[in-house]
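Read through the structure below, which is laid out as structure tokens, and then see the notes.
Bear in mind these aren't lab numbers, they're just calculated from the coordinates by the rules spelled out. Everything quoted here is computed from the prediction, not taken from an experiment. Glycine gets a Cβ as well: all are built from the backbone with ideal geometry, and neighbour counts include every protein chain shown.
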Number of protein chains: 2
Amino acid sequence: MHQTFDAVLEMNLLHANQAGADANRDRLDRWGITCLNIMSSPGSGKTQLLEETLRSLQAELRMAVIEGDMTTQLDAERLRKGGTPVIAINTGRACHLDSKMVAGGLHQFEHEQQPEAFDLMFVENVGNLVCPAEFEVGEHAKVALLSITEGEDKPLKYPLMFREADCLLITKTDLAPYLEVDIDKIVANVRQINSRAAIISVSAKTGEGLEDWYTWIRQTVTACANRSIAQMV
Amino acid sequence: MHQTFDAVLEMNLLHANQAGADANRDRLDRWGITCLNIMSSPGSGKTQLLEETLRSLQAELRMAVIEGDMTTQLDAERLRKGGTPVIAINTGRACHLDSKMVAGGLHQFEHEQQPEAFDLMFVENVGNLVCPAEFEVGEHAKVALLSITEGEDKPLKYPLMFREADCLLITKTDLAPYLEVDIDKIVANVRQINSRAAIISVSAKTGEGLEDWYTWIRQTVTACANRSIAQMV
């Protein structure tokens, strides 16, 4: 968030974004789709994790992706290769997705697909450990990634992202032998500010921890579906 | 930058920031200090590079640091251990340093030190590959870091940072044997959008490339000093 904002202006901006996010979530609930907002620094492995996840879960869940990037369709093209529908949003100079952009993505998704046939939508946010945490897009849960190459201190230095996360994936654990990094220390630093998030160590390269991540996804999809049914009754 | 800005508001914000940056640069010029704005994603190795640089150049250059972090004094404390004066700025929720924050840092620096005795000031920005590139702080040159763990595509996906950089440091090259990354491809991707930047591959761990980085610093300090003298004549 740009501190030079006037406080009232900032409140209005976040308020308008929140209203848009609530509308997006209502729409996703009507379709019966669970939405996960995937956030991290650039290069923490969001796209590779999604490639693996789409491949592994495609037999049991119908999935789609909204892919946010400042420029290029590079990530969208990577994810489309597996056959998953991917809506690409280029944010231009914007450093995060906001609810208005995702509303546009949902509109396109509705036009191109039969939304009721889908179970799960991933929103891959712009690579940025700061701003995306402030702008809800209509997700049911927030997933943050932190690569072990980024260092143990990041949860303390960028607390909002790690406080907001429902699930934290500690990624690239295959590189641990080559780094002076203590994964227990990362976990302890996250626990200082967030006692409830699921924390899962993964390597998309070796497959370590991916089954735990898939279990978390299944539980989250089931919980969302149950809540939607309860609301309808 | 938050796209939901009104265009006029955004222009005013950047205009005000630029005026503040120009004032900061005038002040630094009067003191005879060259200022480098160090920017990258979180965890690309800015602080470790500065630790090495301060240690290696302290016999020949008088240096200071303005250290920008959202929260904590962790990096400032690391850098102070070598004896360098470090002004810590906590940006709170702000995702980058702006010229007003750095003006406050320069004010404190002037109060605590004799600025005319210094040659070089590093501004370590908030870890963010997007927003810091838009907000000049009064620097004479911009230095961007990209860790090889972040992937080859980042210059294309986050073009503003790589277009603005005067020097690009490709960091953590000691990890190359454990990654499927082609450093030549990173360089080629940078060259698509920036033909003038110095590009130096470094490892703060093994020392690879650091001498080239120090040479670039010396040349930049000399160029700034010569320009200041020419302006005074």
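Observations on the structure shown:
- Using only side-chain charges placed at the Cβ, +1 for Lys and Arg and -1 for Asp and Glu, the dipole size of region B:64-123 relative to its Cα centre rounds to 220 debye.
- In this structure, A:E116 and A:R55 have a Cβ-Cβ separation that, at R0 = 35 Å, corresponds to a calculated FRET efficiency of about 0.90.
- Farthest toward the positive end of the dipole of region B:1-107, out of B:P42, B:H107, B:L61, is the Cα of B:L61, where the dipole comes from beta carbon charges about the Cα centre.
- Tally of Lys pairs whose C-alpha atoms are under 24 Å apart, taken over chain B, 8 or more apart or cross-chain: 24
- Among A:D26, A:D119, the ranking by other beta carbons within 10 Å of each residue's beta carbon, starting with the fewest, stands as A:D26, A:D119.
- Nitroxide proxy distance, nm - points 7 Å out along Cα→Cβ at A:T206 and B:A19: 5.7 nm
- Amide H contacts under 5 Å for A:A141: A:C35, A:N37, restricted to partners 5 or more places along the chain or on a different chain, H placed in the peptide plane at 1.01 Å from N.
- From the Kirkwood radius over Cα pairs of the protein assembly as shown, Stokes-Einstein at 10 °C and 1.306 mPa s returns a whole-number translational diffusion coefficient of 69 µm²/s.
- Neighbour counting of Cβ atoms within 10 Å sorts the residues B:S41, B:S99, B:S195, A:S228, fewest neighbours leading, into B:S195, A:S228, B:S99, B:S41.
- Counted residue by residue at 0.36 nm each, then reduced by the alpha carbon distance between them, the extension gain from A:D182 to A:D26 reaches 52.1 nm.
- Among the residues of B:88-98, the average count of other protein chain beta-carbon atoms within 10 Å of the residue beta-carbon is 4.
- For chain A, calculated [θ]222 nm from helices alone, where every DSSP H run of n ≥ 4 adds -39500 (n - 2.57): -14000 deg cm²/dmol
- Given +1 at the Cβ of Lys and Arg, -1 at the Cβ of Asp and Glu and no other charges, the dipole of region A:170-233 around its Cα centre is 360 debye to the nearest 20.
- Neighbour-limited loop hits for trypsin sites (Lys or Arg not before Pro), region B:1-103 (at most 13 other Cβ within 10 Å; DSSP other than H, G, I, E, B): B:K81
- Over chain B: Rg over Rh, Cα atoms, Kirkwood Rh: 0.95
- Proximal charge balance of B:P85 [Cβ under 12 Å; K/R count +1, D/E count -1]: -1
- Each other copy holds its own label point for B:T222; taking that point as 7 Å from Cα along Cα to Cβ, the gaps run 6.9 nm, nearest first.
- The magnitude of the dipole of the protein assembly as shown, with charges of +1 and -1 set on the Cβ of Lys/Arg and Asp/Glu and taken from the Cα centre, is near 40 debye.
- Anisotropy class of region A:13-133 from Cα gyration tensor, a/c 1.5 cut: oblate
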